Amino acid sequence: MPFDVKLRVNLVISVLWIFRMNSQIKNQLDIANTHLKQGDFEQAVYLFQDAVNRSTTSVQARAGLAKALLRLNRSDEAVEHLLIALEYSPDNADISYNLGVAYHRQGKYQSAIECYAAVSDSDAESPGDLHFNLGNAYQEMGKFHDAINSYRKALDIRPHDIDALKNLAVAYQRVNRDADARDCYERLNQIREG
């Protein structure tokens, strides 16, 4: 067999092998995501980690693994995988958001704020609790005016969010806006009674 034909045969075999491998990883990611949605986080971690081991550049595998790790309160490991995923997909709002969540859990509030702000500034659809989490991070840093703005945005999205309303009231109290805090507490009572 001439060299050119051998090269072509080897190339076709390689492409078929890669296609088969990618198909297997995709199926595994689908199963891992099902476990994640069903709350079986340990199994999801196992399957996502195996997918990462088989395809180290898979953004979906790393992002899924990080989500499962976050659900198991393993923020340090989640950060590691999210940072690598962000290298491959720097504009991915979901990855930035989850990185913000991981940093928040680690007490790295400024880093969390930067991640949340990147999502907020992007054109991507924001997770419903983005502004709530952003407000919490601002509040932890003593940036109460920024926290107030974030909680108000959260309430624009979900007007009956009791936690956002409570935290907004606390932020108002911190900046001596007691009348606004009282309004929040009155709204809370109306929501609870309503």
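Per residue, how much accessible area does the chain have with a 1.4 Å probe, in Å²?
It amounts to 59 Å² per residue over the chain.
Relative to the longest principal Cα axis of the chain, at what angle does helix 144-157 sit, 0 to 90 degrees, rounded to 10?
In the chain, helix 144-157 runs at an angle near 70 degrees to the longest axis.
Per the Cauchy relation, a quarter of the hull surface: what is the mean projected area of the convex hull of the alpha carbons in the stretch 19-140, in nm²?
Averaging across all directions leaves 7.3 nm² for the Cα convex hull.
Excluding residues fewer than 8 places away in the same chain, name every one of the aspartates and glutamates whose C-alpha is closer than 13 Å to that of residue 67.
Of all the aspartates and glutamates, those that pass the test against residue 67 - Cα under 13 Å, at least 8 places apart if same chain - are 40, 42, 76, 77, 80, 94.
Which FRET efficiency value, to the nearest 0.05, do you get for residue 170 and residue 190 by plugging their Cβ-Cβ distance into 1/(1 + (r/R0)^6) with R0 = 22 Å?
Numbers: r = 18 Å, r/R0 = 0.83.
According to the calculation, E is roughly 0.75.
Evaluate the distance, in nm, between pseudo-label points positioned 7 Å from the Cα of residue 57 and of residue 178 along their respective Cα→Cβ axes.
6.2
Relative contact order of the chain, please, whole-number percent, based on alpha carbon pairs below 8 angstrom and at least 6 residues apart.
Reported relative contact order: 10 percent.
Taking the chain as a Gaussian network, where each spring joins two C-alpha atoms under 10 Å apart, which residue of 98, 53, 136 fluctuates the most?
53
Give me the tail of P(r) for the stretch 72-194 as a percent: Cα-Cα pairs with distance above 16 Å.
On the way: 4636 of 7503 pairs.
Pairs farther apart than 16 Å: 62 percent.
Run the dipole for the stretch 18-113 about the Cα centre, Lys and Arg Cβ at +1, Asp and Glu Cβ at -1, nothing else charged, and hand back the magnitude in debye, nearest 20.
100
I'd like the carbon and sulfur percentage of the solvent accessible area for the chain, probe radius 1.4 Å, heavy atoms only, ligands and nucleic acids excluded.
The nonpolar share, carbon plus sulfur, comes to 49 percent.
For residue 40 and residue 71 in one chain, what is 0.36 nm times their gap in residues minus the Cα-Cα distance, to one decimal in nm?
Going from the current span to full extension adds 10.2 nm.
Identify all lysines with a Cα-Cα distance to residue 143 below 22 Å; exclude those on the same chain that are fewer than 8 residues away in sequence.
Reachable lysines: 108, 153, 166.
The values are calculated or read from the model by the stated rules, or taken from the named source; none is laboratory data. Only a predicted model underlies this, so the values are computations on that prediction, with no experimental measurement involved. We place every Cβ from the backbone using ideal geometry, glycine too, and count neighbours over all the protein chains shown. Just the protein is used for accessible areas: all its heavy atoms, side chains included, with ligands, DNA and RNA removed. Shrake-Rupley method; radii C 1.70, N 1.55, O 1.52, S 1.80 Å.
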